[in-house]
Structure formats: C-alpha cells, structure tokens
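All remarks here apply to the structure that follows.
The values are calculated or read from the model by the stated rules, or taken from the named source; none is laboratory data. Remember, it's a predicted structure, so these values are computed and weren't measured experimentally. Here the Cβ is made from the backbone with ideal geometry for all residues, glycine too, and neighbour counts use every protein chain on show.
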Amino acid sequence: MIAYLKGNLIQKKSNHVILDIRGVGYCAWIPLSTYLKLGDIDEAVELFIYTHMTDNSLSLYGFHTEEEKEIFLKLISISGIGPKIALNILSGIEASDLEDAIRRSDVIRISLIPGIGKKTAMRIALELQEKLEKKAKVLEAKSFQEREDLISALMNLGFKRREVEEIIDETIKVFSVDAGFEKLLRESLKRLAKV
C-alpha cells in the first residue's frame, strides 16, 4: 500500500496531479484544498496518500496535510460515502472547518457543500462527531501526561512545582504536545531562565 509520495510535479489539474518519481508517473486524485497549496510544474511535491483498491481498479488519493487525509478516511468510513464524494466534500470546505462544523453539529454548513444534501450532512455530523470527540480525548490525555512528565523532570532539577506549572502550560500552548518531550523541556528551561 502506498502511503506517501514525494516527486516532481509534471501535471497539475484541479482534481488530480501526476508526480514523476524516478521516471515513473503516479497519478493521484486530490481535493481542491490540496490543489491550491501545490507549487508549480517541475517543483518537488509531497503528498500523503490513501490507496483505494477495488476488484477492477487501484486509485491513489493525495493530500497536502495529514489532517486532510485523516478527515478523508473518516468520511469514507461512513456508509454511502466513497472516495469521490469525500474528495468533493474536502473540495468544498477546509478540513479544519469541516471538523468544527461536525463538532457543532452544524448541518446547515455541511449541507452548503456542493453535492451534499441535508440527509447526508446529518449523517456526517452524527457519525463523525463521536470519532472527533475520541480524537480530542486522546490529545487531551497525551497533553496531560506530557505536562506531568515535564513537571517531574523540572522538579528533579530542583524547581518547585508551583513555579514550573505556568511556564510549562505556556510552552505547551506555544509549541503543542506534538513538539515532543525534549523540545518542550528545553523551551521550558529557557523560559525559566528568564524568570
């Protein structure tokens, strides 16, 4: 299964691209949001890929960000929504805006996407809301654990808990939990040195 491609852009259309990777041309279907972020012909391009196989075809779907790919995968998990409809949805709304509309159960906003009726919009909102809540809980748990690990590390260096908590919260807010423990620890120490 192909999950990622990096190559030179040799063809760029609003719904697909062709990448040259060592003399082999890979065609990937893309949403409009990805098209708008691509460079010019002959420039290097990186795409996160979803490989879709059926009995008589193999198709690649490319995305500029992992967030776009992730919401695409959630969309195609809904009964009746295939890759083409999911691409159409992501061409009509940014991935982050779609997630926000789902969290708020904003069926009207979702149904404004071309080709999406009210019933489909309701199904998207209902079925994906739970999945997005689980994602938020996982991120929250990860953030809490990272915060506690940082507090423990700084206390082992002689700092008091109450003096490091605020610094750590600011650091996590600026760099996010995805920055990793070492970077967050370094940045927290830099901030503590200024205090």
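Pairs meeting the criteria (first residue in the stretch 159-182 and on the phi > 0 side of the Ramachandran plot, second residue surrounded by fewer than 16 Cβ atoms within 10 Å (Cβ to Cβ), beta carbons under 6 Å, at least 6 apart or on different chains) are lacking.
Could you check the stretch 67-89 and list, in sequence order, the residues that are more than 17 Å from residue 52 (Cα to Cα) and aliphatic (A, V, I, L, M)? Across the stretch 67-89, the qualifying residue is only 89.
Residues that are modelled with pLDDT under 90 and of a type outside the set (Asp, Glu) were ranked within the stretch 58-72; the one that is farthest from residue 38 (Cα to Cα) is 71. The set of residues in the stretch 10-40 that are of a type in the set (Gly, Ala, Ser) and under 27 Å from residue 113 (Cβ atoms) comprises 14, 28, 33, 39. One residue stands out in the stretch 38-65 among those that are farther than 18 Å from residue 23 by Cβ and among the charged types (D, E, K, R): the one that is surrounded by the most Cβ atoms within 10 Å (Cβ to Cβ), namely 46.
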